[in-house]
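Before any comments, here is the structure.
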Amino acid sequence: MDRRSFLKTGGAAAACAVTGKRQDQLEDPTEFVGVLVDTTRCIGCRSCEVACGMAHDLHVPDVQNDGALDEKRTTSERQWTVVNRYDTDAGEVFVKKQCMHCWQPACASACLTNAMHKTKEGPVIWRSDKCMGCRFCMVSCPFDVPKFEYDSWNPRIQKCTMCWDRLQQGQEPACVKACPTDALTFGPKRELMEIARIRIYNHPDRYVHKIYGEHEVGGTGWLYLSAVPFEQLGFRMDLGTTPYPEYTRDFLYGVPVVLFALPALLYGMRLLSDGSDSEMGPPDPRNDNP
Amino acid sequence: MSSGATLSAGAEPLQKKPSFWTPFNVISLPIMAAGLIILVIRFTQGLGSVTNLNQEFPWGFWIGFDVVTGVAFAGGAYVITFTVYVMRSRKYMPIVRVTVLNGLLAYIFYAGALVLDLGRPWNIINPIIGNDFGYNSVLFLVAWHFLLYMAAEFIEFSPVVAEWLGWRRARKILHSLTLAAVIFGVTLSTLHQSGLGALFLLAKAKIHPLWYSEFIPILFFVSSIFAGLAMIIVEGTISHRVLRDRVKMGNFDFEEIIFGLAKGAAIAMFAYYFFKLLVFLHEGHWEYLGESWGYLYLLEVGGLTLVPCILFAFGVRNRRIGIVRFAAVLTLLGVLLNRMNVSIIAFNWYVPNHYYPSWMEIVVTLMIICAEIWVFRWIVTRMPVYERSAPGPDETEAERL
């Protein structure tokens, strides 16, 4: 919590105390934003890759000549988004890949300094002044998104931020703006879900009746529509619908219990033990004063 | 300070000073020099210049071996202090000091090696000073518990330092803190030994089903008990040979202690084995047993857990010290294989290009081990780690300090 939000929360709490209003009534209703990717509209032009590289001072690919669609690529520390081509039952399908901006991100729950941070608007961002480079975010991310600069003495974690800086200025993400075919739609997740359902409803033959990201790992900020089962597009279907922080929740809840109960138990065991050991003679007098 | 001078003077060996060029020194010095050079490269050119880490394997040998395995091997300290100070078993008094020293050094060197693996080590103070507390992170918990446990172990060991320096008042005060430090230390160990396992709960999508289980934290905790006990047996056996003239056990029989430790290890291992079996039956991944992953699993659980468990029991029953020592080595290999499986080998098991450590990663790890042995040797040849450990006439005399 930074100073400003601390003051804000503190002020709100004080206001609550005075007016008797509950805090959630005072808080502005921020909606999670995300992006809907309609893979049936993507033509594989990779304008999004170029726009992303230019917006964030990263590698700007030569989309005409590098032949990158011939291989399956993944995001890297030089590219926050890539487009891959899949040969499916419905012919060639292009799929954009980037951070999914999970509703409850594994990376943020893994981070011991909150360097990986879920903003209240939805984008998951990385904060360099906090990160100690442990790379637990990379270990935990089910989508293998955070990337690390292994060749730098002062490495950064590199991943899509949903153009967090542009969003704050009221703009949409660079890739969305660059997309010539409206394959990408930016907006509150609630609206995106409506749009996605309407498209499936209006064209039941054109889409599989599933929105990838609606429930995966508890829901993600980025949503995908497809004409073919998502397995054919390289999506992992075995991730489940449980938000990742849930996997460590029981353990973390148990910690304070152990921390307070175990010392009492141990002290009780010591008092119960008589300290004598038949083989070793009388008890050590030192051990008798606790 | 005058009394300190007499005490340390009394600790000087009486015989002629042995040659500096012992085999260990001859081997370890070049390794440590090479390790330092590699570290200079690592801190100027980045982790990628010396390690085989990549985007798919962000954690390699330095985490999987140095930290995750090293900390399990250091579990002896909390097990023995629990037995001696909580259960008040005097039998293991003679090895308390050396075991706590080993635990403390293991934490300083092996957990400390974590710093070498951090991309931005200068930010390591952030989770301590509060540039943001990630309360929801298991790693946050592990980091804090490491830190506090090192403090607890240092307090447990500090009376030895005070004795060495001849600070009688300080020794008395520090000694009075021992029980609190032990209780605190055992609690913290329970939490961070299991916490190391809990780290991997978040890698559910990546760890092979034979090794992923929601019970990893409990399995890590239980295995740290017998890993620690086996380490005491192996380490004690070696140091009793190498430091023969330093180890004065009074009327104590070190073999008797080893048999006791082996008994404890056998029981803990059987509990662990049974629990592993329950987890396997519950998950029911029979289909993997016929392939290479299954063989690796069977090697770990059968060959390197059940077999040494039986050997321990057999060795104790028939009083065969050689079998017990062999079982201890097998046990350490088993725990090593288990930790490597969870953190590296079965991690991202479906990825075609698997990670293996570079020779430079191994040299740095060897450097850390050598450095730890140097410091251990420096301390045990100066401080009363072994001498005062045997109760006897001098023990009661020491009580009057």
Those residues of segment B:167-191 that are more than 26 Å from B:ILE225 (Cβ to Cβ) and of a type in the set (A, V, I, L, M) come to a total of 3
Check segment A:225-232 and report whether any residue there is touching a Lys or Arg at 6+ places or on another chain (Cβ under 7 Å), within 30 Å of A:ARG73 (Cβ to Cβ), open to solvent by 20 Å² or more (accessible area, probe 1.4 Å) and at pLDDT 95 or above. yes
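Please tell me if B:ALA33 is away from every other protein chain (no Cβ under 14 Å), under 30 Å from A:SER152 (Cα atoms) and open to solvent by 20 Å² or more (accessible area, probe 1.4 Å). Give the derivation first.
Numbers: away from every other protein chain (no Cβ under 14 Å): yes; under 30 Å from A:SER152 (Cα atoms): yes; open to solvent by 20 Å² or more (accessible area, probe 1.4 Å): yes.
When the stated conditions are applied, B:ALA33 passes them.
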Among the residues of segment B:103-116, write down those that are open to solvent by 10 Å² or more (accessible area, probe 1.4 Å) and assigned to a loop (DSSP other than H, G, I, E, B). B:GLY112
Return the pair list, or none, for Cβ contacts closer than 6 Å from residues in segment B:127-147 that are facing another protein chain (nearest Cβ under 8 Å) to residues that are modelled with pLDDT under 90 and buried (at least 18 other Cβ atoms within 10 Å of the Cβ), at least 6 apart or on different chains. B:PHE140/B:GLY134
May I ask you to verify whether A:GLY170 is more than 16 Å from the chain's Cα centre (by Cα), closer than 22 Å to B:ASN348 by Cβ and either open to solvent by less than 30 Å² (accessible area, probe 1.4 Å) or more than 9 Å from chain B (Cβ to nearest Cβ) (or both)? no
Only residues that are in contact (Cβ under 8 Å) with a residue 60 or more places away in the chain, away from chain A (no Cβ under 14 Å) and buried (at least 24 other Cβ atoms within 10 Å of the Cβ): list them for segment B:81-102, please. B:VAL98, B:THR99, B:ASN102
Can you tell me how many residues in segment B:278-297 are under 20 Å from B:VAL335 (Cβ atoms) and in a loop (DSSP other than H, G, I, E, B)? 0
Count, please, the residues in segment A:105-129 that happen to be in a loop (DSSP other than H, G, I, E, B), within 10 Å of chain B (Cβ to nearest Cβ) and either open to solvent by 10 Å² or more (accessible area, probe 1.4 Å) or polar (S, T, N, Q) (or both). 6
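Filtering segment B:67-79 down to residues that are within 14 Å of chain A (Cβ to nearest Cβ) and within 22 Å of B:PHE259 (Cβ to Cβ), which residue is surrounded by the most Cβ atoms within 10 Å (Cβ to Cβ)? Steps first, please.
From segment B:67-79, those within 14 Å of chain A (Cβ to nearest Cβ) are B:67-68, B:78-79; that's our starting set.
In the following step, the residues that additionally are within 22 Å of B:PHE259 (Cβ to Cβ) were identified as B:78-79.
Numbers: B:TYR78: 28, B:VAL79: 25.
If we take residues in segment B:67-79 being within 14 Å of chain A (Cβ to nearest Cβ) and within 22 Å of B:PHE259 (Cβ to Cβ), then B:TYR78 is surrounded by the most Cβ atoms within 10 Å (Cβ to Cβ).
For segment B:119-183, give me every one of the helices (runs of 4 or more DSSP H) that falls completely inside it and has 1 or more residues that are among the basic types (Lys, Arg). Lay out the reasoning, then the answer.
Working: elements: B:126-129, B:138-165, B:168-176.
Filter on segment B:119-183 gives B:168-176.
Taking the conditions exactly as written (within 28 Å of B:PHE254 (Cβ to Cβ), in contact (Cβ under 8 Å) with a residue 40 or more places away in the chain and touching a Lys or Arg at 6+ places or on another chain (Cβ under 9 Å)), does B:VAL335 satisfy them or not?
Values: within 28 Å of B:PHE254 (Cβ to Cβ): yes; in contact (Cβ under 8 Å) with a residue 40 or more places away in the chain: yes; touching a Lys or Arg at 6+ places or on another chain (Cβ under 9 Å): no.
Criteria not met by B:VAL335.
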Would you confirm whether or not segment A:38-60 contains a residue that is free of Cβ contacts under 8 Å to residues at least 60 places away in the same chain and assigned to a strand (DSSP E or B)? no
So which of A:THR248, A:THR242, A:THR185 is open to solvent by less than 60 Å² (accessible area, probe 1.4 Å), hydroxyl-bearing (Ser, Thr, Tyr) and touching a strand residue (DSSP E or B) at 6+ places or on another chain (Cβ under 7 Å)? A:THR185
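In segment B:184-221, what residues are among the aromatic types (Phe, Trp, Tyr), outside any loop (DSSP other than H, G, I, E, B) and open to solvent by 10 Å² or more (accessible area, probe 1.4 Å)?
Of segment B:184-221, the ones among the aromatic types (Phe, Trp, Tyr) are B:184, B:200, B:211-212, B:215, B:220-221.
From what's left, outside any loop (DSSP other than H, G, I, E, B): B:184, B:200, B:220-221.
B:PHE184, B:PHE221 - these are the residues of segment B:184-221 that are among the aromatic types (Phe, Trp, Tyr), outside any loop (DSSP other than H, G, I, E, B) and open to solvent by 10 Å² or more (accessible area, probe 1.4 Å).
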Suppose we keep only residues that are in a helix (DSSP H, G or I) and β-branched (Val, Ile, Thr) within segment A:194-230. Which one would you say is nearest to A:TYR244 (Cα to Cα)? A:VAL217
Considering only segment A:36-82, how many residues are among the acidic types (Asp, Glu) and more than 24 Å from A:SER226 (Cα to Cα)? 4
Yes or no: B:LEU219 at the interface with another protein chain (Cβ under 10 Å from one of its Cβ atoms), modelled with pLDDT of 95 or more and within 30 Å of A:PRO142 (Cβ to Cβ)? no
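For segment A:130-143, which residues satisfy the criterion of being over 15 Å from B:LEU118 (Cβ atoms) and either facing another protein chain (nearest Cβ under 7 Å) or open to solvent by less than 10 Å² (accessible area, probe 1.4 Å) (or both)? Write out each step before concluding.
Going through segment A:130-143, the residues over 15 Å from B:LEU118 (Cβ atoms) turn out to be A:140-143.
Of everything in segment A:130-143, those that are over 15 Å from B:LEU118 (Cβ atoms) and either facing another protein chain (nearest Cβ under 7 Å) or open to solvent by less than 10 Å² (accessible area, probe 1.4 Å) (or both) turn out to be A:SER140, A:PRO142.
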For segment B:121-140, name all the residues that are over 22 Å from the mean Cα position of the chain (by Cα), modelled with pLDDT of 90 or more and crowded, with 21+ Cβ neighbours inside 10 Å. B:ASN126, B:PRO127, B:SER137
Does A:ARG156 satisfy the criteria of being open to solvent by less than 20 Å² (accessible area, probe 1.4 Å) and within 19 Å of the chain's Cα centre (by Cα)? no
Find all pairs meeting these conditions: Cβ atoms under 7 angstrom apart; at least six residues apart or on different chains; first residue within segment B:344-355 and within 13 Å of another protein chain (Cβ to nearest Cβ) and within 14 Å of B:ILE63 (Cβ to Cβ); second residue open to solvent by less than 20 Å² (accessible area, probe 1.4 Å) and not in a loop (DSSP other than H, G, I, E, B). B:ILE344/B:GLY64; B:PHE347/B:ALA203; B:PHE347/B:ILE207; B:TYR355/B:ILE344
Out of (1) open to solvent by 30 Å² or more (accessible area, probe 1.4 Å); (2) away from chain A (no Cβ under 14 Å), what's the single condition that is false for B:ASN52? (2)
With the structure loaded, tell me whether B:ILE63 is buried (at least 22 other Cβ atoms within 10 Å of the Cβ), modelled with pLDDT of 90 or more and closer than 23 Å to B:VAL364 by Cβ or whether it fails that test. yes
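Taking segment B:185-197, which residues are touching a residue at least 12 places away in the same chain (Cβ under 8 Å) and at the interface with another protein chain (Cβ under 7 Å from one of its Cβ atoms)?
Of all residues in segment B:185-197, those touching a residue at least 12 places away in the same chain (Cβ under 8 Å) come to B:185-186, B:188-197.
Of everything in segment B:185-197, those that are touching a residue at least 12 places away in the same chain (Cβ under 8 Å) and at the interface with another protein chain (Cβ under 7 Å from one of its Cβ atoms) turn out to be B:VAL186, B:THR190, B:LEU191.
The values are calculated or read from the model by the stated rules, or taken from the named source; none is laboratory data. Model, not experiment: these values are computed from the prediction. For neighbour counting, all protein chains shown are included, and Cβ atoms are generated from backbone atoms with ideal geometry for every residue, glycine included. Accessible surface is based on the protein model in full, side chains and every heavy atom, while ligands, DNA and RNA are left aside. Shrake-Rupley method; radii C 1.70, N 1.55, O 1.52, S 1.80 Å.
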